[in-house]
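Written below as structure tokens is the structure these notes are about.
The values are calculated or read from the model by the stated rules, or taken from the named source; none is laboratory data. In this text the structure is predicted, and so the values were computed from the model without any measurement. Glycine gets a Cβ as well: all are built from the backbone with ideal geometry, and neighbour counts include every protein chain shown. SASA here: full protein model, heavy atoms, side chains in, ligands and nucleic acids out. Shrake-Rupley method; radii C 1.70, N 1.55, O 1.52, S 1.80 Å.
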Amino acid sequence: MHSHPSPPHGSQEPLFGLDAMARGPRPEPAPSGGAFRDSAQARRLLAIREIHAEPAAAASPRGRQIIARFPEARLIEVDSHWRVPELHGNEGSADRWMRIKRETLVLGVKKTLTTRPNGRSADWIAPGPSNGCALSCVYCYVPRRKGFANPITVFTNIDRIIAHLGRHIAAQGPKREPNQCDPEAWVYDVGENGDCSVDALICDNTADLVRAFRDWPTAKASFATKYVNPDLLGLDPRGRTRVRFSLMPADDSRLLDLRTSPVDRRIAAAADFLDAGYEVHFNLSPVVVRPGWQDDWAQLLRYMDDVLPQRVKRQALAEVIMLTHNADLHEVNLRWHPRGEDVLWQPETQETKRSQNGALNLRYRADVKRRALAELRELVTRHAPWLGVRYAF
């Protein structure tokens, strides 16, 4: 499933001005990182053949590190990371969905740095270090905003992102009252539109964020992931970064979470990450209502109860998120993975809703959602009573 022939290079040639600037005689060294991102497994996930780069991103220290890491990749100048003609707005890219994720990378400068309130999983949504992902979760909302082609866009001005966060954290002062996000620290979601574990295969953006937060005593970083990257175990987060491993029943994951780490591998990694200094929580997400879903979730929860050590259970909390879908994404998915739509597209149980970000999406009808959440909460109480549910929606 994950092996694809090499794509044609197309007609666009790299611009020599950008090429010389980024590959000049004194480039920054490739990031050192751990051994895993140089492994065959990591390179199967990301075998970059094309890098579409804004000139300023390519010329930055982080951009030059990334380009040096993929020396065989063809470098193509673009005016904006949002406007890549071969990718964004081109629905034909659905026919090359997996190949684009594996072989294409975009480098940009994040120009608008905004931290906005959340209140569910985190107190604040931070300006992320990336947008898009090399994983291929069929229900992912990010490609809806990117013209339905969704390779990783790495933002190379990580220093400005961290400086912005430092100012924002300082302005908040200490957290005065506990809430569902955390009893003591302000929680910042640093990976809303990507997967920080996968980003760490490309460059040190994730490492830089983890190291920054360990020195901010009033704040914690938080990100959800479906990929186990052992390199993160060496970053010494000192309890200031929360990793949320996203889980769903294995059959759902095999159908819908393409290119991700197997669910049992994510569960097995929890103790390693806790021992390495992370706070480890779980996302039960997304919950897909289909025949037999309750039995499969019960099996998953029993498995977690059986294999997770007590030290993980004592500090673990969960977030429960019901499936959100989208009519346009449904049409694109039919072109590259129609089997997934057999369970995602259920118009008899779904209704149109306006999301917090203004997008028009499909969610389960209020009665279906209410019943499913009650059933899942009861399953958690019965099979994993140690797992507190922070919130469910």
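Considering only residues that are out of contact with any Lys or Arg (no Cβ under 8 Å at 6 or more places or on another chain) and either aliphatic (A, V, I, L, M) or at pLDDT 95 or above (or both), look in segment 92-110 and name the one that is nearest to Ala163 (Cα to Cα).
Val109
Taking segment 62-77 as the region of interest, how many residues are without any contact (Cβ under 8 Å) to a residue 40 or more places away in the chain, under 24 Å from the mean Cα position of the chain (by Cα) and open to solvent by 10 Å² or more (accessible area, probe 1.4 Å)?
Final tally of qualifying residues: 1.
State whether the residues of segment 144-151 include one that is small (Gly, Ala, Ser), open to solvent by 10 Å² or more (accessible area, probe 1.4 Å) and at pLDDT 95 or above.
Step one: filter segment 144-151 for residues small (Gly, Ala, Ser), giving 147, 149.
Add one more test, that the residue is open to solvent by 10 Å² or more (accessible area, probe 1.4 Å), and what stays is 147.
In the following step, the residues that additionally are at pLDDT 95 or above were identified as none.
No, segment 144-151 contains no residue that is small (Gly, Ala, Ser), open to solvent by 10 Å² or more (accessible area, probe 1.4 Å) and at pLDDT 95 or above.
Return yes when His330 is modelled with pLDDT under 95, within 17 Å of Tyr141 (Cα to Cα) and surrounded by 20 or more Cβ atoms within 10 Å (Cβ to Cβ) and no when it is not. If you could, list the steps in order and put the result at the bottom.
Values: modelled with pLDDT under 95: yes; within 17 Å of Tyr141 (Cα to Cα): yes; surrounded by 20 or more Cβ atoms within 10 Å (Cβ to Cβ): no.
No; evaluated as a whole, the condition is false for this residue.
Just one of Glu378, Glu319, Glu279 is surrounded by fewer than 14 Cβ atoms within 10 Å (Cβ to Cβ) and more than 30 Å from Arg99 (Cβ to Cβ); which is it?
On the way: Glu319 fails: surrounded by fewer than 14 Cβ atoms within 10 Å (Cβ to Cβ); Glu279 fails: surrounded by fewer than 14 Cβ atoms within 10 Å (Cβ to Cβ).
Unique residue meeting the criteria: Glu378.
Anything in segment 188-207 that is surrounded by fewer than 24 Cβ atoms within 10 Å (Cβ to Cβ), under 17 Å from Thr115 (Cα atoms) and not acidic (Asp, Glu)? List them, or say none.
Selection gives Asn193 alone.
What residue, among those in segment 92-118 that are among the β-branched types (Val, Ile, Thr) and in a loop (DSSP other than H, G, I, E, B), is surrounded by the fewest Cβ atoms within 10 Å (Cβ to Cβ)?
First, the residues of segment 92-118 that are among the β-branched types (Val, Ile, Thr): 100, 104, 106, 109, 112, 114-115.
Imposing the further condition that a residue be in a loop (DSSP other than H, G, I, E, B) reduces the set to 109, 112, 114-115.
Values: Val109: 19, Thr112: 5, Thr114: 10, Thr115: 20.
Across segment 92-118, the extreme among qualifying residues is Thr112.
Only one of Arg363, Arg335, Arg371 is open to solvent by 20 Å² or more (accessible area, probe 1.4 Å) and in contact with a Leu (Cβ under 8 Å, 6 or more places away or on another chain); which? Don't jump to the end; show me each part of the working.
On the way: Arg335 fails: in contact with a Leu (Cβ under 8 Å, 6 or more places away or on another chain); Arg371 fails: in contact with a Leu (Cβ under 8 Å, 6 or more places away or on another chain).
The conditions single out Arg363.
Considering only segment 162-187, state which residues are crowded, with 20+ Cβ neighbours inside 10 Å and among the small types (Gly, Ala, Ser).
Selection gives Ala185 alone.
Tell me the residue from Cys203, Cys181 that is at pLDDT 95 or above, within 18 Å of Arg390 (Cα to Cα) and not small (Gly, Ala, Ser), please.
On the way: Cys203 fails: within 18 Å of Arg390 (Cα to Cα).
When all the criteria are applied, what remains is Cys181.
Go through segment 208-244 and give me each residue that's without any contact (Cβ under 8 Å) to a residue 40 or more places away in the chain, open to solvent by 10 Å² or more (accessible area, probe 1.4 Å) and outside any loop (DSSP other than H, G, I, E, B).
Passing the criteria: only Arg211.
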